[in-house]
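Novice: Structure in structure tokens, see below.
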Amino acid sequence: MNIKTILFDLDGTLTDSGPGIMNSVQHALKKYGMEVENIDRLRGFVGPPLAKQFQEFCGFSEDESLIAVQHFREYYVSKGIFENSVYEGIPEVLKKLKEAGYQLAVATSKPEHLAHIVMEHFHLNDYFDFIGGSYMDLTRTKKEEVIEYVLKECKVKDRDSVLMVGDTSYDMIGAKLSGVHSMGV
């Protein structure tokens, strides 16, 4: 492989965003009179598109899941986004990759402007050529849609030179559907 561009997922790959996401889900569920005693059961919300997870976890309809995402964001944008930490060694790895000449980009299902907030908060944005994510209206949330968007914005032509690094099946499937290499972490 002659990798030149490396795409990174954000939640669960660069940062441990689990606490903030799970607390935000708990907040949303309380709006429905639901309480999950073992918060670790909510770890499945870290990484995948939120609306889909609310449908699968709670049996919500599409409309109910969209409202649940709004409740999630009430907590997340003010507090949950910062209940997060960078995995040990990530800044050093990113620095070495950047110095070696790789084009680095973020491809996340998180809304793009929230991804920028996280990256700036943890001083990771300087390592990346582009940070791409979903829209706030819950479109462009499928990983392959995000990857396609990031590849276009980064002007990548040779998909065989791209590696997607992520922590979920959504990252691996998105990479496959986009015709790029993948690595699970």
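The values are calculated or read from the model by the stated rules, or taken from the named source; none is laboratory data. Keep in mind that this is a model prediction, so the values were computed, not measured. Because the Cβ atoms are built from the backbone with ideal geometry, glycine has one as well, and the counts that use them run over all protein chains shown. Surface accessibility is based on the protein's heavy atoms, side chains included, excluding ligands, DNA and RNA. Shrake-Rupley method; radii C 1.70, N 1.55, O 1.52, S 1.80 Å.
Novice: Suppose we filter region 140-173 for residues that are in contact with a Ser or Thr (Cβ under 8 Å, 6 or more places away or on another chain) and either open to solvent by less than 30 Å² (accessible area, probe 1.4 Å) or assigned to a loop (DSSP other than H, G, I, E, B) (or both); how many remain?
Specialist: Counting residues in region 140-173 that are in contact with a Ser or Thr (Cβ under 8 Å, 6 or more places away or on another chain) and either open to solvent by less than 30 Å² (accessible area, probe 1.4 Å) or assigned to a loop (DSSP other than H, G, I, E, B) (or both) gives 17.
Novice: Still on this model: Taking the residues in region 3-53 that are among the polar types (S, T, N, Q) and not in a loop (DSSP other than H, G, I, E, B) as candidates, determine which candidate is nearest to the chain's Cα centre (by Cα). Let's see the steps before the verdict.
Specialist: The first filter runs over region 3-53 and keeps only residues among the polar types (S, T, N, Q), leaving 5, 13, 15, 17, 23-24, 26, 38, 53.
Those left that are additionally not in a loop (DSSP other than H, G, I, E, B): 5, 15, 23-24, 26, 53.
Values: Thr5: 18, Thr15: 9, Asn23: 17, Ser24: 15, Gln26: 19, Gln53: 14 Å.
It comes out as Thr15.
Novice: Mind checking which residues of region 117-137 are crowded, with 18+ Cβ neighbours inside 10 Å and either under 29 Å from Glu64 (Cβ atoms) or among the small types (Gly, Ala, Ser) (or both)?
Specialist: Matches in region 117-137: Val118, Gly132, Gly133, Ser134.
Novice: With the checklist (1) exposed (fewer than 13 other Cβ atoms within 10 Å of the Cβ); (2) of a type outside the set (Gly, Ala, Ser); (3) within 15 Å of the chain's Cα centre (by Cα) in hand, flag the one item Tyr76 doesn't pass.
Specialist: Tyr76 satisfies all of (1) exposed (fewer than 13 other Cβ atoms within 10 Å of the Cβ); (2) of a type outside the set (Gly, Ala, Ser); (3) within 15 Å of the chain's Cα centre (by Cα) except (1).
Novice: While we're looking at this one, here's another question. Within the group Lys98, Lys155, which residue is in contact with a Leu (Cβ under 7 Å, 6 or more places away or on another chain), without any contact (Cβ under 8 Å) to a residue 40 or more places away in the chain and farther than 18 Å from Gly47 by Cβ? Can you show your working first?
Specialist: Working: Lys155 fails: in contact with a Leu (Cβ under 7 Å, 6 or more places away or on another chain).
The conditions single out Lys98.
Novice: Using beta carbons and a limit of 8 Å, which pairs, at least six apart or on different chains, have the first residue in region 1-30 and open to solvent by 20 Å² or more (accessible area, probe 1.4 Å) and the second one of a type in the set (Asp, Glu)?
Specialist: Met1/Asp160; Asn2/Asp160; Lys4/Asp158; Pro19/Glu83; Asn23/Glu83; Gln26/Glu35; His27/Glu74
Novice: Now a separate question. Could you say which residue among Glu83, Glu112, Glu74 is over 24 Å from Arg41 (Cβ atoms) and charged (D, E, K, R)?
Specialist: Values: Glu83 fails: over 24 Å from Arg41 (Cβ atoms); Glu74 fails: over 24 Å from Arg41 (Cβ atoms).
So the residue among Glu83, Glu112, Glu74 that is over 24 Å from Arg41 (Cβ atoms) and charged (D, E, K, R) is Glu112.
Novice: Would you check which residues across region 35-51 are open to solvent by 60 Å² or more (accessible area, probe 1.4 Å) and more than 30 Å from Gly179 (Cβ to Cβ) and list them? Before you say what the answer is, go through the steps one by one.
Specialist: Residues of region 35-51 that are open to solvent by 60 Å² or more (accessible area, probe 1.4 Å), as a first pass: 35, 37-38, 40-41, 43.
Matches in region 35-51: Glu35, Glu37, Asn38, Asp40, Arg41.
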